[in-house]
Amino acid sequence: MSDDQIQYDVHDYSPVNKYIEDQARLKRSASTWRYAKATALILVAIGILAVLLAWAYYLYKKPHRLVSLSDIEEKVLANEERIINNERKIPKDEEINTSTGENILRSEINKKDQKILELEKKLQNTDQQDTNQMQNLKDELEELKNEKIKLLNKLNEKQQVITNVIHFQSVNAELKGVSVKVTTRLHYDDPTNLKPNRSDGSDPITCYVLFNRDDLKAVELGSKNEKPNVSGYHLKTLNVSENDFIKLKNNKCQFN
């Protein structure tokens, strides 16, 4: 038995082991690449989201340039209300009478014309040899003519500037227990005409109503032959009908 020799086979598996290691390394590389791509996509998505959020914030903070027609109408009516309040602060005794002002200017111009005629006659009757007297009269005549020109310019400016006058007349009233203020506009495109008038031939007298509430805008009642422009919100909030506005218009608007 001692002479028996043990025989065994030796196999070299190093190529197999190398192949397995190479495959494992490739899998690790592929996994790393997938992770890198996923991370890059996440970063890109975060960047796009940040840009969109920044743009949305910019639009939120940007002043709004678009103004609705209702806002414009509200501002116009508020400005008219301010004009009414300012008119109340001015005493009637201090109101400017256009016709009187023009008549005063015309009277002053007539006086200047009369003095100019007198000086021209005096200048004709003055001895031509008296040069000092002649020069003094010429200077005085020139000064009177300049003063007349200034008065004529003032009269012309007064006639051109005072146009498109609007008077406001307001009365307090109630609409189904709600306190309101009814205001009548009287347009005078030609102030020399004592009756309200419009150059385009439209009705020169219109009317609107103001509410002592922030949630209700002014309502245009229109001219005598127009229907009030009332929104459904006003009718629902005040629990009134369009006929109630028509009755308010007929009773409080000063068309006559």
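Every number here is computed from the coordinates shown, using simple stated rules; none is lab data. Treat the numbers as computed from the prediction; the structure is a model and nothing was measured. FYI the Cβ positions are ideal-geometry reconstructions off the backbone, even for glycines, and counts take in every protein chain you see.
Let a ≥ b ≥ c be the square roots of the eigenvalues of the Cα gyration tensor of region 11-59; is it rounded (a/c under 1.5), or, if not, prolate (a/b larger than b/c) or oblate? Prolate, since a/c reaches 1.5 and a/b exceeds b/c. Quick check on my link table: of Lys181/Lys236; Lys195/Lys217; Lys122/Lys150; Lys150/Lys195; Lys112/Lys195, which ones sit more than 22 Å apart, alpha carbon to alpha carbon? The pairs that break the limit, which is 22 Å between Cα atoms, are Lys195/Lys217; Lys122/Lys150; Lys150/Lys195; Lys112/Lys195.
Sorted by packing (mean other beta-carbon atoms within 10 Å per residue), highest first, where do 23-34, 234-245 land?
Numbers: 23-34: 10.0, 234-245: 14.4.
Per-residue Cβ counts within 10 Å, averaged per peptide and sorted highest first, yield 234-245, 23-34.
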